[in-house]
Amino acid sequence: MAAVVALLEWDWQRGIEAIQLALELDPGYVWGRQMYGQLIANQGRIEEALAEMQYVTELNPLAASPGKIDAGVLLLRLGRVDEAVRAWQRVLELEATHLTSLINYGSFQCRQGQTEAGLELLHRARAVHRETPMVVAEIAACYAGADRESEARQYLDELMAWSERDYVDPVNLAEVHLSLGDEEAAYAWLEQAVAQHAFLLAYLPHDPGFQRLHGDPRFRQLMQRVGLERALDGGTG
């Protein structure tokens, strides 16, 4: 619980210490290992975080979901693209509806210009996880990246309507606007995310959808306010 509070309060060191204590008591605590990996990745320790994810897989090789294991994003940050793809494919072989792998692998394919293959995975995710705004955001971003603006805006409109009746993380809305080339709107939504202490800010430094902003002083300043600027320098991708 302390680690979850740390994610929301941006007290990363306290979260790391809480998880370390839990792992001393139970070294095989799968969720704790996964969370520890996420927290140290946010400190720029990408290689160590990847090792934790791989250890989680060794602890529970047949279960993708309990640990929400997805080492692909970290491998991508380290420039190990082929390994990232294999990691996503392995998880989907074990669990064809694994949400984060469908989203991250599908979005990766979209960014590689493999739009239809990427959309197939993203729509598969949506068919199973219909109450997940992130999926709608990634579908919109995929269409935008393929210069299919009208389709992208249809999904953006759906996401905006969703936000009027239920919570949508502002980071999702920022990504869609960024993919449509509207950086000012993207930054406006990121400011809302900061004001709300939005959960997805914790994953922002490793989100490939925001990679293009890493060299922007405004983005670095925003990450500094959240306490995640070190994560921007922790790997390449």
Original post:
Any chance region 85-101 includes a residue that's touching a residue at least 60 places away in the same chain (Cβ under 8 Å) and open to solvent by less than 50 Å² (accessible area, probe 1.4 Å)?
Top reply: no
Original post:
What are the residues in region 102-141 that are open to solvent by 10 Å² or more (accessible area, probe 1.4 Å) and closer than 19 Å to Trp162 by Cα, if any?
Top reply: His123, Arg126, Ala127, Val128, His129, Arg130, Glu131, Thr132, Pro133, Met134, Glu138, Ala141
Subject >> Count - residues of region 216-229 that are at pLDDT below 90 and more than 18 Å from the chain's Cα centre (by Cα) >> reply: 0
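Answer yes or no as to whether Glu131 is over 16 Å from the mean Cα position of the chain (by Cα) and in a helix (DSSP H, G or I).
On the way: over 16 Å from the mean Cα position of the chain (by Cα): yes; in a helix (DSSP H, G or I): no.
When the stated conditions are applied, Glu131 does not pass them.
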**OP:** Determine, yes or no, whether Leu190 is at pLDDT 95 or above and closer than 22 Å to Leu8 by Cα.
**Re:** yes
Original post:
Within region 142-233, which helices (runs of 4 or more DSSP H) (wholly inside it) include 2 or more residues that are open to solvent by 50 Å² or more (accessible area, probe 1.4 Å), on the phi < 0 side of the Ramachandran plot and among the hydrophobic types (A, V, I, L, M, F, W, C)?
Top reply: 183-196
Original post:
Could you give every pair whose Cβ atoms fall below 7 Å, whose first residue belongs to region 8-19 and is crowded, with 17+ Cβ neighbours inside 10 Å, and whose second residue is assigned to a helix (DSSP H, G or I) and modelled with pLDDT of 90 or more, counting only separations of at least 6 or pairs across chains?
Top reply: Trp10/Val226
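Can you work out which of the residues in region 47-61 that are closer than 18 Å to Val81 by Cβ and open to solvent by 70 Å² or more (accessible area, probe 1.4 Å) is modelled with the lowest pLDDT?
To start, the set of residues in region 47-61 that are closer than 18 Å to Val81 by Cβ comprises 47, 49-50, 53-54.
In the following step, the residues that additionally are open to solvent by 70 Å² or more (accessible area, probe 1.4 Å) were identified as 47, 54.
Details: Glu47: 91, Gln54: 79.
Taking the candidates together, the pick is Gln54.
Return yes when Ala71 is at pLDDT 80 or above, under 16 Å from Tyr203 (Cα atoms), open to solvent by 10 Å² or more (accessible area, probe 1.4 Å) and among the small types (Gly, Ala, Ser) and no when it is not.
Details: at pLDDT 80 or above: yes; under 16 Å from Tyr203 (Cα atoms): yes; open to solvent by 10 Å² or more (accessible area, probe 1.4 Å): yes; among the small types (Gly, Ala, Ser): yes.
When the stated conditions are applied, Ala71 passes them.
The values are calculated or read from the model by the stated rules, or taken from the named source; none is laboratory data. Nothing here was measured: the structure is a model prediction, and the numbers come from that model. Backbone-built Cβ (ideal geometry, glycine too); neighbour counts: all protein chains shown. Side chains are part of the model used for accessible areas, which takes the heavy atoms of the whole protein and leaves out ligands, DNA and RNA. Shrake-Rupley method; radii C 1.70, N 1.55, O 1.52, S 1.80 Å.
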